[in-house]
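Reviewing the structure listed below.
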Amino acid sequence: VELVESGGGLVQAGDSVTLSCVGYRLIFSQYDMAWFRQAPGKEREFVSAITSTGKSSIYADSAKGRFIISRDNAENTVNLQINNLKPDDTAVYYCAAAWSKRRDYENKEKYTYWGQGTQVAVSS
């Protein structure tokens, strides 16, 4: 199994960015998917998750209102759109896949597979 993120880079505050994660060698439609992020010197934190069917999405309080998660099971892809970027959004963003249907989406233990991450740097 491999998860490959893309879409990061250096962006300006106030801009929008869409991160993508493609899954390989897994039955993508059977996995809950999530995005986490890790800022320099901080713990990896939950951002958002989406259930395997795409019917439900879950957001961290810090992500509500500016972040939108979506998925396309036909393309084995999950996306994270971030609007009105702020310098505090600077982090490495990781995609994660969970076979487990436990509902503690913010818990890293739920997830079986992780991508290598994509860097987002927001300048003010």
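The values are calculated or read from the model by the stated rules, or taken from the named source; none is laboratory data. Keep in mind it's a predicted model, so treat the numbers as computed, not measured. Heads up, the Cβs are rebuilt from the backbone with ideal geometry, glycines too, and the neighbour counts pull from every protein chain shown. Protein only, heavy atoms only, side chains kept; ligands, DNA and RNA dropped before computing areas. Shrake-Rupley method; radii C 1.70, N 1.55, O 1.52, S 1.80 Å.
Looking only at the stretch 17-37, decide whether some residue is without any contact (Cβ under 8 Å) to a residue 60 or more places away in the chain, part of a loop (DSSP other than H, G, I, E, B) and surrounded by 13 or more Cβ atoms within 10 Å (Cβ to Cβ). No, the stretch 17-37 contains no residue that is without any contact (Cβ under 8 Å) to a residue 60 or more places away in the chain, part of a loop (DSSP other than H, G, I, E, B) and surrounded by 13 or more Cβ atoms within 10 Å (Cβ to Cβ).
Each residue in the stretch 91-124 was checked for being modelled with pLDDT of 95 or more, open to solvent by 40 Å² or more (accessible area, probe 1.4 Å), more than 14 Å from Tyr31 (Cα to Cα) and not acidic (Asp, Glu), and 4 pass. Just one residue in the set Ala49, Ala60 is among the small types (Gly, Ala, Ser) and under 11 Å from the mean Cα position of the chain (by Cα); that residue is Ala49. Residues in the stretch 63-88 that are open to solvent by 70 Å² or more (accessible area, probe 1.4 Å) and either among the basic types (Lys, Arg) or under 14 Å from Val122 (Cβ atoms) (or both): Lys64, Asn84, Lys86, Asp88. Selection of the stretch 81-108 for residues being among the polar types (S, T, N, Q) and under 12 Å from the mean Cα position of the chain (by Cα) yields only Gln81. Would you check which residues across the stretch 15-28 are touching a strand residue (DSSP E or B) at 6+ places or on another chain (Cβ under 9 Å) and either within 21 Å of Ser57 (Cα to Cα) or not aromatic (Phe, Trp, Tyr) (or both) and list them? If the condition is that a residue be touching a strand residue (DSSP E or B) at 6+ places or on another chain (Cβ under 9 Å) and either within 21 Å of Ser57 (Cα to Cα) or not aromatic (Phe, Trp, Tyr) (or both), then Asp15, Ser16, Val17, Thr18, Leu19, Ser20, Cys21, Val22, Gly23, Arg25, Leu26, Phe28 are the ones that fit. Residues in the stretch 48-80 that are under 18 Å from Val4 (Cβ atoms) and in contact with a strand residue (DSSP E or B) (Cβ under 7 Å, 6 or more places away or on another chain): Ile50, Ile69, Ser70, Arg71, Asn76, Thr77, Val78, Asn79, Leu80.
In the stretch 43-56, the residue that is surrounded by the most Cβ atoms within 10 Å (Cβ to Cβ) out of those that are touching a residue at least 12 places away in the same chain (Cβ under 8 Å) and in a loop (DSSP other than H, G, I, E, B) is Ser52.
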